[in-house]
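Inspection log for the structure reproduced underneath, given as structure tokens.
The values are calculated or read from the model by the stated rules, or taken from the named source; none is laboratory data. Keep in mind that this is a model prediction, so the values were computed, not measured. Glycine also receives a Cβ, built like all others from the backbone with ideal geometry; neighbour counts cover every protein chain displayed.
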Amino acid sequence: MAFAAISTTFIALLLVGLALLTQAQVDLIVDSTGGKVEVSVFLLDTISESQNAELSEKLTSMPEVAGVDYESKDDACANFKRLFADQPDLVNNLDCNALPASFKVRLKDPEQYGVIAARLEGQPGIQRIVDQHAVLDKVFRVTGVFRQGVLAVGVLMLISAGILIANTVRMGLYARRKEIGIMKLVGATNWFIRIPFLIEGIVEGLIGAGLSIVVLFALKVTFIDPLYGKITFLPWVQTSDVIATIPILLAAGVLVAVVASFIGMRRFLDI
Amino acid sequence: MISVQHVSKTYKKTITALDEVSVEIEKGEFVFIVGPSGSGKSTFIRLLLKEEEPDSGSIYVAGKHLGGLSSWKVPYLRRNIGTVFQDYKLLSDRTVFQNVAFALEVIGKPKHVIDERVPEMLELVGLGDKINALPTELSGGEQQRVSVARAAVNRPLILLADEPTGNLDPATSQDIMKLLDRISRLGTTVVMATHDHTIVDAMRKRVVELDSGKVVRDQERGVYGVGS
């Protein structure tokens, strides 16, 4: 019975962890493409100060524009290094000069990309204009479904794990009912009786959580690490991202265990 | 010490266990509750422990009104009451020492107190040489003595015994009764439910007789049956 509780907790938290990492991956992709901007205007290295200023003014004055941020070549370089920190080959082979400066434009209505592009036609200093929205939209749609699906299944499994833990605790109480009866007769408080069972439930939750964390690391090393060298234009989730899930998974494991243990004990100890 | 006032208790609306029972027991008394099976003796004991609540009437134990006692306070009430039952109620996977120590552990007594009092108590009941035995290795009489030791180790105000000699032969029963008598002389109020004539007659303590839930006799230095 304890095995069932632990294994269900493990699978549940593994799925929750996967959902969290998928979200982290999506966030990284968004970050690498310039953040939640709709339009990226990449600039030629040869752009002059005045052309730069003129372009900036033109963009900010457009009624469809919500905001404009400038990313210098240095900024671009620093960002790249940050995003691809776990892929040293990529960073070392990078010629920072190759990264262009850009204006990151946020629109009030993402559909207005065409209007902006048309207006900038012929403007000097522009290398190219990218419709981020179209790119990101596709990414979000695919990963969104995946992430939500995984999370939903994970939550359902957490509930199952909770039920299993509650049952393990209840079975334990039933098996020790003679001893518990004597404890009550002799004047033990309910808490004195509860604590060993609570600990049992929490240990089950922690083991399940621990296993899920270990497997998440294993999955990352097995599937993501090889991608660092192969698909180099995307930032992949790093060890730090996996580490970030640890407190969430442990907390979830313990919380579910505590709640489930209390529910399991209620029927026996409300005398 | 114990005041039972007009207490009635019915089970499943038809079975009357106790009917307007009133009994006053002073500190240090030794009282037998006698009567045939079904007369309400065990119910009486259970009410004193607040394992059940009366349908009507009031019960005061050590000055506290049981009716007004909230459930989280019940353990603290029971720490003042030692109990001995017919089936000994020992933990079969623990030694004699551990069984008696249990009563002290559960109320948070430190190890040095336990290590002092438990052997003392076991000597008192005559089990000094069986400290590390398991209940399965003991005779019925010895197990009951462990039970008595556990009941008394906390120096309770009251000791309740429900048919403690029920599973024991006459000779062993006498030994247990001597123990209970000794404990009573040390100041503990003893209330014992039994239908064992011989014991009651031999000891000439106060006898409260129940029949079909009613008190039919309350006699100092009594015997089991009237005219026996």
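Taking the stretch B:30-138 and the helices (runs of 4 or more DSSP H) fully enclosed by it, the elements with 3 or more residues that are surrounded by fewer than 15 Cβ atoms within 10 Å (Cβ to Cβ) and more than 15 Å from the chain's Cα centre (by Cα) are at B:111-124. From the list A:A188, A:A175, the one residue that fits, being touching a Pro at 6+ places or on another chain (Cβ under 8 Å) and within 14 Å of another protein chain (Cβ to nearest Cβ), is A:A188.
Of all residues in the stretch A:245-271, none satisfies the criterion of being at pLDDT 90 or above and in a loop (DSSP other than H, G, I, E, B).
Can you confirm whether B:L18 is under 19 Å from the mean Cα position of the chain (by Cα) and more than 14 Å from chain A (Cβ to nearest Cβ)? Criteria met by B:L18.
Scanning the stretch A:128-173 for residues that are among the polar types (S, T, N, Q) and under 13 Å from A:A257 (Cα atoms), we see that the one that is surrounded by the most Cβ atoms within 10 Å (Cβ to Cβ) is A:T168. Going by the conditions given, is A:L216 assigned to a helix (DSSP H, G or I), away from every other protein chain (no Cβ under 14 Å) and buried (at least 18 other Cβ atoms within 10 Å of the Cβ)? It is true that A:L216 is assigned to a helix (DSSP H, G or I), away from every other protein chain (no Cβ under 14 Å) and buried (at least 18 other Cβ atoms within 10 Å of the Cβ). Of all residues in the stretch B:49-92, those that are away from chain A (no Cβ under 12 Å), of a type outside the set (V, I, T) and under 23 Å from B:S184 (Cα atoms) total 5. Checked against the criterion of being at pLDDT below 80, farther than 29 Å from A:L20 by Cα and surrounded by 14 or more Cβ atoms within 10 Å (Cβ to Cβ), the candidates A:Y113, A:Y70 yield just one match: A:Y113.
Of all residues in the stretch A:223-244, those satisfying the criterion of being among the β-branched types (V, I, T), under 19 Å from A:T22 (Cβ atoms) and at pLDDT below 90 are A:I224, A:I231, A:V237, A:T239, A:V242. The set of residues in the stretch A:126-172 that are touching a Gly at 6+ places or on another chain (Cβ under 9 Å) and without any contact (Cβ under 8 Å) to a residue 60 or more places away in the chain contains only A:G172.
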